[in-house]
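These notes are about the structure you will find just below.
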Amino acid sequence: MDVLDTFLITVLAGLPGALFTFAYERQTRIVRAAISDRIMRLTAASAVFYVATAPLGYWLYLRYGRTGRLMGGPLPWALWLVPIGLVVCPVVLGLTLGSATRRGRPWARLWSGRSPDPRAWDAAFGHGANAWLRIRLKDPAAGTDGWLLGAFGPGSGGPSSVASSYPDPPDLYLAETAEAEPGTGRFVLDGQGRPKLRDTGLLIAWDEIAYIELGHVPLMAGTD
């Protein structure tokens, strides 16, 4: 076995796991940057795939490899489904499991574990949840007496809110910011009892933030 054969076998062995991992991370937006962790997950995914398809592989070997038909040809066109499945199946499984993980499906924890997110930041902002934010800034003179309020969610006629994911440094883009009550940092409400928006987006880095309060119901002015 020469170097080229070894390289091709290595690529073929790791291809299903690599495709599955990339598709899974595309859905979950959870990227494991550590080389050892990614190699372990890639190898495990490839092993599961090949174990599941071992009966089919053995049947193909007996029918086409051992008999010499693979080299002697001609081969049926249906045999092209094997390399196509080697690419398509891991991608589909990765997208499906990634979507289930992002949506918090209990059965997806068999693969992702109980805490799939590498940081609390990713758990709070990495799954598409909408929330009202009260951000306390480190600089008490910034914002409204050190407070910044906004909505993490879809934008009105513009880009939606976005949060960075691991391993990038934490930062936030808020599609909408809201007016804050001076001193208390509570939401200023309009005549219909909803937060009064400023129709302005904002990009902010974690280095400027002391802490963030998240809630699906805005904190009303005049309440404790």
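Laboratory data are not the source of any read-out in this text; all were calculated from the coordinates shown. No experiment lies behind these values; they were computed from the predicted model shown. Ideal geometry is used to build each Cβ from the backbone, glycine not excepted, and the neighbour counts take in all protein chains shown.
Modelled label positions at Ser160 and Arg38, each set 7 Å beyond Cα in the direction of Cβ, lie 2.5 nm from each other. Extending 7 Å from the Cα toward the beta-carbon at both Tyr58 and Arg109 defines two label points whose distance is 3.5 nm.
Residue by residue, segment 133-138 carries 3J(HN,Hα) couplings of 10, 10, 9, 8, 8, 5 Hz when phi is fed to the Karplus relation 6.51 cos²θ - 1.76 cosθ + 1.60 (θ = phi - 60°); x denotes Gly or Pro.
As a calculated quantity, the FRET efficiency between Lys196 and Ser99 at R0 = 41 Å, using C-beta atoms, amounts to about 0.70. Annotation: the residues Lys138, Lys196, sorted from fewest to most other C-beta atoms within 10 Å of their own C-beta, follow the order Lys138, Lys196. Between Ala123 and Trp206, the modelled labels are 1.4 nm apart [label points 7 Å from Cα along Cα→Cβ].
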